[in-house]
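Chemist: The structure is given below, and queries will be raised subsequently.
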Amino acid sequence: VQDGSYWNLKTDGTWYHFVVTYDDRSDTSSNAERKIYVNGVLRHTNDFNWNSTGGGTGGMIFGARRTASNNYDNGWACGLDEVAIYDTAKDSNWVASVYNNETSYDHTGQSGLVGYWKFNEGSGTTVTDHSGEGNHGTFAPISGDTTAFPTWGER
């Protein structure tokens with residue numbers, strides 16, 4: 001829910017584990033089921049056509065939304081840790097298993113893994129992709145301010 005009323009997320013430094021699953025990318029002409037899990041619990045399900053949300057294949061933005069014109073929009077004041085992308089949707093048992101083993105779960109080498117960023121470099125502007133696919137990322141200025149880059153921290 002865009003107004004935020006559904007989530008009731010704390011802003012006191014509490015960490016949340018998010019998983020979004022989405023089926024059927026071989027055909028983008030119709031909707032597919034998207035599920036959103038928070039801390040291992042299914043919180044929202046809807047039919048959605050991800051192809052219609054804008055962006056494109058020119059890259060992703062973590063911690064914000066990419067607009068239809070490929071611009072940064074609606075950044076989050078948050079920390080990111082352990083972002084993994086698979087080319088197959090995962091079921092609720094997998095989500096619960098990863099959440100319950102969050103501090104020891106390593107996605108490296110898992111079947112279907114296409115992107116895995118640990119965000120543990122500690123310095124610099126490159127975020128290494130540990131999937132083996134070479135999708136390395138780059139920290140970029142926040143909201144176009146060339147002096148305001150994201151910073152490394154400890155979880």
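The values are calculated or read from the model by the stated rules, or taken from the named source; none is laboratory data. Because the structure is predicted, anything quoted here is derived from the model rather than measured. Virtual Cβ from ideal backbone geometry, glycine too; neighbours counted across all protein chains shown. The area values use the complete protein model at the heavy-atom level, side chains included, leaving out ligands, DNA and RNA. Shrake-Rupley method; radii C 1.70, N 1.55, O 1.52, S 1.80 Å.
Chemist: Mind checking whether some residue in segment 40-52 is modelled with pLDDT of 75 or more, among the polar types (S, T, N, Q) and part of a strand (DSSP E or B)?
Modeler: yes
Chemist: Still on this structure, I have one more. Considering (1) open to solvent by less than 90 Å² (accessible area, probe 1.4 Å); (2) modelled with pLDDT under 65; (3) polar (S, T, N, Q), say which one GLN2 fails and leave the rest.
Modeler: (1) is the only condition that GLN2 fails.
Chemist: Please determine, by comparing only the residues of segment 131-150 that are at pLDDT 70 or above and not in a loop (DSSP other than H, G, I, E, B), which one is nearest to the chain's Cα centre (by Cα).
Modeler: Looking at residues that are at pLDDT 70 or above and not in a loop (DSSP other than H, G, I, E, B), I get GLY137.
Chemist: Give segment 75-110 a look and list any residue that's modelled with pLDDT under 85 and in contact with a Ser or Thr (Cβ under 7 Å, 6 or more places away or on another chain), or say none.
Modeler: Hits for segment 75-110 are GLY75, ALA89.
Chemist: Same structure, new question: Specify the residue that is most open to solvent (accessible area, probe 1.4 Å); the eligible residues are those in segment 74-91 that are hydrophobic (A, V, I, L, M, F, W, C), out of contact with any Phe, Trp or Tyr (no Cβ under 7 Å at 6 or more places or on another chain) and in a loop (DSSP other than H, G, I, E, B).
Modeler: TRP76
Chemist: Kindly list, by first and then second residue, each pair from a residue in segment 92-119 that is part of a helix (DSSP H, G or I) to a residue that is modelled with pLDDT under 90 and hydrophobic (A, V, I, L, M, F, W, C), limited to pairs with Cβ atoms under 7 Å and residues at least 6 apart or on different chains.
Modeler: Correct list of pairs: SER92/LEU42; VAL95/VAL19.
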